[in-house]
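Note sheet for the following structure.
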Amino acid sequence: MRKIVVPVDFSSGSVKALENAVIIAKKIDGEIGVIHVNKVKSFASIFGGHKTEGNVGDIERDMQSLIKSVDFKGINVSTTLRTGNVAKEIAQYAEEAPAYMIIIGTHGESGHNESWMGSNAIKVITSAPCPVLSMPYSEKPFDLKKIVVPIDTTITTRHKVPFTAELANFFRAEIIVAAVCVDESTEFVNKLDSYCYQVRKFLNQANVPNEYEFLTGNNVTNMTIEYAKKINADMISIMTDQDSSIFMSSPAQQMVTRSPIPVLTMNSVLEIENFEY
């Protein structure tokens, strides 16, 4: 059974992420593992709310209350409380599970919490042994009808396609293959077109409805977000180490922290199967 790991801090953002995880679990025939991590010594909450050692019992009660408040609708759910480095403990738990994916709520109703993202979510994403779906807070229940997959000319850009295609099939969603062109030289454009052709061939073989869009500009992150907003996309799928600054730089962190659309990230060191170049 596919296991979805959901880190929680009992904030509105993490609660909403857990509720959306239930929706996804139903689609993929999955189960859910909820984890809360206390920092070493200080027993600080995973997202910054401080707890003293004497209040660990309160955390356990908070977890029980949270589980009772969410309608899991027949989905198997387990809970875990750990102490230590937040990202390390979440990654280790996900590896032990083993997790199909991790879902993180990025902020609550009050707006973007970039300090939390900078100190925890980015570390979780880069150390995770599985794909991570970061979800900005929204009252609207999660659904997946349109997925934007930006493609550049890095060798790993296509590695996100098999997992994204699998999710698309579960939800019967459409994938928009977005060629992100930051260099209009013939060599660059030809290579970009070739990669996109390979991706669409794979999607067609996997019976995933797909379209193609050619985007030009000088900032891949902005191009991707603006296009995704324009077509009312439900998710953006990216790799964690693309040279085009999609990730692991200041603009990349803005992709995750500022995107109003959920962002699925995958680490290129993960084993990639069933994709022929």
**Prompt:** From the phi of every residue in the range 233-239, what ³J(HN,Hα) in whole Hz does the Karplus formula 6.51 cos²θ - 1.76 cosθ + 1.60 yield, where θ is phi - 60° and glycine or proline is x?
**Reply:** 5, 9, 6, 10, 10, 9, 9
**Item:** Straight-distance crosslink candidates among lysines, where the alpha carbon sits under 26 Å from LYS88 and sequence neighbours closer than 8 are dropped
**Value:** LYS3, LYS16, LYS39, LYS41, LYS51, LYS123, LYS160
**Item:** Using a Förster distance of 45 Å, the FRET efficiency for ARG61-THR216 (Cβ separation, nearest 0.05)
**Value:** 0.25
**Prompt:** To the nearest 0.05, how large is the calculated FRET efficiency for ASP183 and LYS145 if R₀ is 41 Å and r is the Cβ-Cβ distance?
**Reply:** 0.80
**Item:** Under 5 Å, built H, 5+ apart or other chain: amide partners of THR79
**Value:** VAL34
**Asked** What length, rounded to one decimal in nm, is gained on full extension from THR83 through to SER12, with 0.36 nm per residue of separation minus their alpha-carbon distance?
**Response** 23.3 nm
**Asked** Considering only DSSP states other than H, G, I, E and B, which trypsin sites (Lys or Arg not before Pro) in the range 143-190 qualify as loop sites with at most 12 other Cβ atoms within 10 Å?
**Response** ARG172
**Prompt:** Å³ per residue of the Cα convex hull, for the range 128-196?
**Reply:** 122 Å³
**Message:** Can you give me the solvent accessible area of TYR212 with a 1.4 Å probe, rounded to the nearest 10 Å²?
**Reply:** 80 Å²
**Prompt:** If ligands, DNA and RNA are left out, what is the accessible area of ILE176 with a 1.4 Å probe, given in Å² to the nearest 10?
**Reply:** 10 Å²
**Request:** Taking the Cβ of ILE90 as the centre, find all other residues whose Cβ is under 14 Å away and add up their charges (Lys, Arg: +1; Asp, Glu: -1).
**Result:** +1
**Prompt:** Alpha carbon centre of the range 196-237 versus the range 61-79: separation in Å?
**Reply:** 35 Å
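Given the Cα-Cα distance of MET1 and SER69 and 0.36 nm per residue of separation, how much length would full extension add, in nm?
Answer, rounded to one decimal: 22.1 nm.
Work out, step by step, the length gained on full extension between GLU96 and ASP193: first 0.36 nm times the residue separation, then minus their alpha carbon distance; give nm to one decimal.
31.0 nm
The values are calculated or read from the model by the stated rules, or taken from the named source; none is laboratory data. For clarity, every value in this text was computed on a predicted model and none was experimentally measured. When we count neighbours, we look across all protein chains shown, and the Cβ atoms used for this are built from the backbone with ideal geometry, even at glycine. Ligands, DNA and RNA are stripped out before the accessible areas are found, and what is left, the full protein with its side chains, is counted by its heavy atoms. Shrake-Rupley method; radii C 1.70, N 1.55, O 1.52, S 1.80 Å.
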